[in-house]
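A short worksheet on the structure shown next.
The values are calculated or read from the model by the stated rules, or taken from the named source; none is laboratory data. Bear in mind that the values here come from a model prediction, so they are computed numbers and not experimental data. Every residue, glycine as well, gets a Cβ built from its backbone with ideal geometry; the counts of neighbours run over all protein chains shown.
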Amino acid sequence: MAKVETMPTASPKSMSRPTQWNEEVEEAYRFQLAGYRDEIEYKQVRKTDHVDRWPHNGFIKKLIRRDGCFYYYDRTRECPDKQINKTKLYAY
Amino acid sequence: MMKTRQQQPCLKKVKQPGKVVDLRERVPFTQEVEIFDRNNLKKPEPPVAGAFKERTTGGTSFKKFYERGDFPIALEHDTKGNKIAWKVEIEKLDYHHYLPLFFDGLCETSHPYEFFARQGVHDMLEHGGSKILPVIPQLIIPIKNALNTRNHKVLCTTLKVLQHLVVSADMVGEALVPYYRQILPVMNIFINKNLNSGDGIDYSQQKRENVGDLIHETLEAFERCGGEDAFINIKYMVPTYESCMLN
């Protein structure tokens, strides 16, 4: 069931931890909950260009995990305060 | 008379004109009071009606289906336990089958059934769109059963689900109006269940576990989404409710 990643990935140059919530943090939190670093890795692993987003605010709506299961996200903020500094923001 | 005199040593038996009544027998409460009155005994307390008492439900079909592995969800027991991993896309699910089943699980109080039912309902409502409206009639009995348990946790969960349900899609609020007679009686019972803690801190407010407040929020959500007939129908079932839109 689990897909092994075979494509070469662009590795990030640095990582920082946020202290405050913003949309970028929310985006990273949603990808990392599903087991991906960020959108770039998700697109590489899933071999797709499409990511389901909520039309009104652009938050991630649906992600497919590495084992093929689906994670569905709310239309509003999901990242709780205590998870903010556990989220990782990667820079390339 | 002779018979009555012979039975006097037995304290449980008291006399009434014409016959001897054994108090261990079930007699109507009003008659019981009368008997005690005639015999100069202390009058009994009226029996407890048990309106607020918790009621148990038999095993739910949600539990049965879950244990049989019938739900398209991956069972995980990891530390970040606030999400359900769906094995199929929610958009492709048969809402007529699964949504009533998940609602049925709202009666559950034990882990993991309670979590999967609550989160499953949440995900299906959030992503259901127009598929929710046709299923409304099938949701009423599970909602009614959950409210009828009168269990604090179940009440809180169900009220939050109802608030989510009315805003989940267009016309859902209006579609619920004919079913107020089924849903609102329990809300009428608990609408005043509010802690009077003086100047102390009521932590249930922050955790959104105050049943009285949740009922008010739910009724207001019903009124806002229920169209023009909503208020009068709510008022009929919950007479102390005051409109949040007319005033």
A careful count of residues in segment B:85-130 that are touching a Gly at 6+ places or on another chain (Cβ under 6 Å) and facing chain A (nearest Cβ under 10 Å) gives 0
Of those in segment A:34-59 that are under 21 Å from B:Asn82 (Cα atoms) and in contact (Cβ under 8 Å) with a residue 40 or more places away in the chain, the residue farthest from the chain's Cα centre (by Cα) is A:Arg37
Flagged in segment B:207-230 as crowded, with 20+ Cβ neighbours inside 10 Å and in contact with a Ser or Thr (Cβ under 6 Å, 6 or more places away or on another chain), in numbering order, are none
Look at A:Lys86 and say whether it is of a type outside the set (Gly, Ala, Ser), at negative phi and free of Cβ contacts under 8 Å to residues at least 24 places away in the same chain. no
- Message: On the basis of being surrounded by fewer than 15 Cβ atoms within 10 Å (Cβ to Cβ) and either touching a residue at least 24 places away in the same chain (Cβ under 8 Å) or among the β-branched types (Val, Ile, Thr) (or both), does B:Asp70 make the cut?
- Response: no
When segment B:121-165 is checked residue by residue, the ones that are of a type in the set (S, T, N, Q) and touching a residue at least 60 places away in the same chain (Cβ under 8 Å) are B:Asn145, B:Asn148, B:Thr149, B:Asn151
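This table checks each residue for (1) in a helix (DSSP H, G or I); (2) modelled with pLDDT under 80; (3) under 25 Å from the mean Cα position of the chain (by Cα).
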position	(1), (2), (3)
B:Arg26	no, yes, no
B:Val48	no, no, yes
B:Phe52	no, no, yes
B:Gly59	no, no, yes
B:Glu67	yes, no, yes
B:Lys80	no, yes, no
B:Lys83	no, no, no
B:Val88	no, no, no
| request: Check whether at least one residue in segment B:139-157 is more than 20 Å from A:Leu33 (Cβ to Cβ), within 14 Å of another protein chain (Cβ to nearest Cβ), in a helix (DSSP H, G or I) and not acidic (Asp, Glu), and report yes or no. | output: no
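Quick grid of which residues meet (1) crowded, with 19+ Cβ neighbours inside 10 Å; (2) of a type in the set (Val, Ile, Thr); (3) modelled with pLDDT of 95 or more:
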{"residue": "B:Cys107", "(1), (2), (3)": "yes, no, no"}
{"residue": "B:Phe115", "(1), (2), (3)": "no, no, no"}
{"residue": "B:Leu125", "(1), (2), (3)": "yes, no, no"}
{"residue": "B:Ile132", "(1), (2), (3)": "yes, yes, no"}
{"residue": "B:Ala146", "(1), (2), (3)": "yes, no, no"}
{"residue": "B:Lys153", "(1), (2), (3)": "no, no, no"}
{"residue": "B:Thr157", "(1), (2), (3)": "yes, yes, no"}
{"residue": "B:Ser168", "(1), (2), (3)": "yes, no, no"}
{"residue": "B:Glu174", "(1), (2), (3)": "no, no, no"}
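For (1) within 14 Å of another protein chain (Cβ to nearest Cβ); (2) at pLDDT 90 or above; (3) exposed (fewer than 15 other Cβ atoms within 10 Å of the Cβ), each residue gets a yes or a no:
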{"position": "A:Asp38", "(1), (2), (3)": "no, no, no"}
{"position": "A:Asp49", "(1), (2), (3)": "no, no, yes"}
{"position": "A:Lys61", "(1), (2), (3)": "yes, yes, no"}
{"position": "A:Asp67", "(1), (2), (3)": "yes, no, yes"}
{"position": "A:Arg75", "(1), (2), (3)": "yes, no, yes"}
{"position": "A:Gln83", "(1), (2), (3)": "yes, no, no"}
{"position": "A:Thr87", "(1), (2), (3)": "yes, yes, no"}
{"position": "A:Tyr90", "(1), (2), (3)": "no, yes, no"}
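Answer with yes or no whether B:Glu114 is farther than 24 Å from B:Arg150 by Cα and not in a strand (DSSP E or B). Show your work before the answer.
On the way: farther than 24 Å from B:Arg150 by Cα: no; not in a strand (DSSP E or B): yes.
It is false that B:Glu114 is farther than 24 Å from B:Arg150 by Cα and not in a strand (DSSP E or B).
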